[in-house]
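Below is one structure, written out as structure tokens; comments come after it.
The values are calculated or read from the model by the stated rules, or taken from the named source; none is laboratory data. Keep in mind the model is a prediction, meaning the values are calculated, not measured. Every residue, glycine among them, receives a Cβ derived from its backbone with ideal geometry; neighbour counts consider all protein chains shown. Surface accessibility is based on the protein's heavy atoms, side chains included, excluding ligands, DNA and RNA. Shrake-Rupley method; radii C 1.70, N 1.55, O 1.52, S 1.80 Å.
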Amino acid sequence: MYKIAVLAGDGIGPEIVTQGVKVLKAAGEIFDIKFDFQEALIGGCAYDKYSKPLPDETIKIAHDSNAVLLGAVGDWKYDTLPPEVRPERALLGIRKELNLFANLRPVVIFDELISSSALKPEIIKGTDIVIVRELTGDVYFGTPKGIEVRVDENGNGVRYGYNNMIYSEKEIERIAHVAFKTASSRNKKLCSVDKANVLDVSRLWREIMTDISKQYPDVTLTHMYVDNAAMQLISNPLQFDTVVTGNIFGDILSDEASMISGSLGLLPSASLSYDGAVALYEPIHGSAPDLKGLNVANPIATILSAAMMMKYTFNNNEAYDLIFNAVKSVLREGYRTKDIYKDGDKPVSTVQMGELIVNKMKG
Ligand code: IPM
Ligand code: MG
């Protein structure tokens with residue numbers, strides 16, 4: 001019996017997570033695995049009830065589970081809250097709390113959706129990248145940080161805002177190992193993205209990546225500056241296999257990379273800690289409050305996140321393939337949620353998309 005914490009969150013979170021849970025239940029039946037699902041609040045809905053976006057109860061449930069399936073957090077109505085209780089803070093909080101330092105964001109293009117991308121088919125066809133994003137360091141968590149008044153030479157108060165881009169060598173080493181292992185299990189090409197021409201923190205990053213590479217002689221390591229990487233990612237995505245980078249660069253590059261696949265609604269992610277510890281699975285997209293309750297959101301990113309859970313937490317590659325291929329088949333048959341719909345496709349709702357995928361899994 002495995003425990004899965006279900007943190008649906010805000011906006012479209014509950015709708016897409018329901019479909020993810022449906023897929024996990026189907027996988028459980030097919031592979032004879034018993035899952036115990038436990039729901040908990042996170043984000044704005046948690047704030048409404050407990051006056052904090054990440055209640056202790058939720059942390060406890062997450063800690064006590066084998067894996068967490070998360071939807072999304074945030075809504076406009078919380079935009080004016082003080083930063084420490086904003087829904088996004090809960091995401092950062094749970095990542096830190098569970099020590100989820102390694103965030104894997106695969107970017108694959110389904111042949112069926114090549115025309116949904118804004119990029120030319122000949123440039124993107126065959127794209128298969130994993131972005132390994134460090135998730136618990138960098139400017140996201142570095143101190144000192146804040147907004148404060150400093151007095152200038154004329155005696156006037158001027159406000160300064162600042163954050164600290166900081167990585168310890170230990171933090172760089174552990175993400176490097178995850179990245180090299182990931183690359184080693186794939187095409188054995190690792191591109192480390194930094195800004196070492198300007199930033200000291202990146203110089204250390206590059207030095208350590210190079211050091212660790214000696215332990216993985218089968219993997220070819222290259223380095224690329226982040227501005228160049230942003231450009232290369234859409235001009236020639238096929239050159240990339242595994243990409244490793246820090247928290248903020250990874251945040252930006254993964255949103256950019258999602259446009260190769262055609263929609264933010266397609267990309268899953270796994271946030272991992274050390275082997276055997278609880279891991280968290282979530283779509284890379286946000287809570288899309290404008291789509292809330294309309295049954296139009298694309299559940300595929302969440303469903304593929306559930307597939308990643310089967311692979312990384314439950315070591316069940318067969319279940320991963322089953323879910324992935326079910327998604328492919330449904331797309332091949334022309335079913336599309338609104339975000340990827342084009343003339344001539346078969347329009348389906350969130351719930352219908354989930355059902356179609358589950359039916360395919362059951363064969
Ligand atoms: C992501 C999101 C989050 C991040 C936000 C919502 C805090 O953009 O998971 O990519 O910046 O990490
Ligand atoms: Mg992001």
Where the Cα atoms of region 1-111 are projected onto their three principal axes, how long is each span, largest first, in whole Å? 46, 37, 27
P(r) for the chain, please, calculated from all Cα pair distances in 20 Å bins and given in %. 29, 59, 12, 1
Can you give the Kirkwood hydrodynamic radius for region 33-188, in Å, rounded to one decimal and based on Cα pairs? 19.3 Å
So for region 189-237, Kirkwood radius off the Cα pairs, Stokes-Einstein at 20 °C and 1.002 mPa s: how many µm² s⁻¹? 188 µm²/s
Accessible-area composition of the chain, carbon plus sulfur, in percent [1.4 Å probe]: 51 percent
When a/c is below 1.5 the answer is rounded, else prolate if a/b is larger than b/c, else oblate, so apply that to region 70-149 with a ≥ b ≥ c taken from the square roots of the Cα gyration tensor eigenvalues. prolate
Would you calculate a helix-derived [θ] at 222 nm for the chain, using -39,500 (n - 2.57) for each DSSP H run of n ≥ 4 and dividing by the full residue count, to the nearest 500? -12500 deg cm²/dmol
Hydrodynamic radius by Kirkwood, which averages 1/r over all alpha carbon pairs of region 181-273, in angstrom: 14.0 Å
Quotient of C-alpha Rg and 2.2 N^0.38 Å, computed over region 242-286: 1.25
Accessible area per residue, 1.4 Å probe, Å², for the chain: what's the number? 45 Å²
Contact order normalised by residue count of region 24-176, Cα under 8 Å, 6+ apart, percent: 15 percent
What are the ³J(HN,Hα) couplings of region 35-49, residue after residue, when phi is run through the Karplus curve with 6.51, -1.76, 1.60 and θ = phi - 60°? Round to Hz, x for glycine and proline. 10, 10, 8, 10, 8, 8, 8, 8, x, x, 5, 6, 4, 4, 8
Grab the eigenvalues of the alpha-carbon gyration tensor for region 129-219, scale each by 5, take roots, and send me the semi-axes largest first in whole angstrom. 36, 12, 10
Quick one: 3J(HN,Hα) in Hz for region 249-263, Karplus 6.51/-1.76/1.60 with θ = phi - 60°, rounded, Gly and Pro as x. 4, x, 4, 6, 5, 6, 5, 4, 5, 4, 6, 5, 7, x, 7
Normalised contact order of the chain, rounded percent, pairs of Cα under 8 Å and 6 or more residues apart: 22 percent
What is the dipole size for the chain, taken about its Cα centre, with +1 at each Lys and Arg Cβ and -1 at each Asp and Glu Cβ, in debye to the nearest 20? 480 debye
With x for Gly and Pro, the residue-by-residue ³J(HN,Hα) of region 286-301, computed from phi through the Karplus equation 6.51 cos²θ - 1.76 cosθ + 1.60 at θ = phi - 60° and given in whole Hz, is x, 8, 5, x, 5, 9, 3, x, 8, 6, 10, 5, 7, x, 5, 4
Over the chain, with a Gaussian network built from C-alpha contacts below 10 Å, which listed residue (Thr182, Thr302, Thr210) shows the highest mean-square fluctuation? Thr210
Compute a Gaussian network model of the chain, connecting alpha carbons closer than 10 Å, and tell me which residue from Leu294, Leu280, Leu331 fluctuates the most. Leu294
Using only Cα atoms, locate the centre of region 208-251 and the centre of region 8-78, then give the distance between them in Å, rounded to an integer. 32 Å
Count of lysine pairs, region 175-327, Cα-Cα under 17 Å, sep. 8 or more residues or interchain, comes to 5
